[in-house]
1. Hey, rough spin-label estimate for residue 128 and residue 70, points 7 angstrom out along Cα→Cβ, what's it come to in nanometres?
2. Using a Förster distance of 30 Å, how high is the FRET efficiency between residue 36 and residue 117, based on the Cβ-Cβ distance and rounded to 0.05?
3. Given the peptides 13-19, 118-124, arrange them by the average over their residues of other C-beta atoms within 10 Å, most packed first.
4. Farthest toward the dipole's positive end in the chain, which of 50, 123, 111, given Cβ charges of +1 (Lys, Arg) and -1 (Asp, Glu) about the Cα centre?
5. Expected output is a single nm value to one decimal: the length gained when fully extending between residue 58 and residue 104, i.e. 0.36 nm times separation in residues minus the C-alpha distance. What is it?
6. So which residue, out of 81, 48, 99, gets the largest mean-square fluctuation from a GNM of the chain using Cα contacts under 10 Å as springs?
7. Filter the DSSP H helices in the chain by two things, a Kyte-Doolittle mean of at least 0.5 and an axial alpha-carbon span of 18 angstrom or more, and list the hits by number.
8. Where Rh denotes the Kirkwood radius from the mean inverse Cα pair distance, what is Rg over Rh for the chain?
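No value in this document is a laboratory result; all are computed from the given coordinates. Remember, predicted model here, so these are calculated numbers, not experimental data. Virtual Cβ from ideal backbone geometry, glycine too; neighbours counted across all protein chains shown.
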Amino acid sequence: MRLAMIPPSAILRAWPDLGGMIARACERPGCDHTETTLRAACLAGEAALIAILDNDGRPVAAGVTQVREQANGARSCWILALGGHRSNAWLHTLEHVEAGARHVGCETVEFVGRRAWERLLPSYFAEACATGTHYSKRL
């Protein structure tokens, strides 16, 4: 599998293949985004659309990420939505997202998810927040 950043000029072309996976991710409890708002953020350059492709180049997962820069210059990659065809596809894509975040100079990967994911993500620090559990990992 490999991660592919979808350039802004190709988002509308790629969305029919990837949008359904994004929509299913948005249906999870704690997600405060919709497929529509995430597509708009990607088109506006406020977020990035990523595809995780199998060895034949077919998408198996999709996500929307956002790099946030803090006042001290530290960068963090926020996963706004991440989903795939298989129920556990997102777990396998985290390594790829982490590698991509490192590549663009991020120090952490962060997202909000379900409390139960804590046992599946031992390398992430988990802390309760208003919308679920905030997960973070120093890279």
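1. About 2.4 nm separates the two model spin labels.
2. On the way: r = 25 Å, r/R0 = 0.84.
So, using R0 = 30 Å, E works out to roughly 0.75.
3. Working: 13-19: 15.3, 118-124: 12.9.
Most protected by this proxy first, the peptides run 13-19, 118-124.
4. About the Cα centre, the residue reaching furthest to the positive side is 123.
5. Numbers: separation 46, 0.36 × 46 = 16.56 nm, distance 2.43 nm.
So the chain would gain 14.1 nm between residue 58 and residue 104.
6. Among 81, 48, 99, the largest GNM mean-square fluctuation belongs to 99.
7. Details: long enough: 11-26 (20 Å, 0.66); 89-103 (22 Å, -0.39).
Helix filter hits for the chain: 11-26.
8. Details: Rg = 14.1 Å, Rh = 15.0 Å.
Ratio value, two decimals: 0.93.
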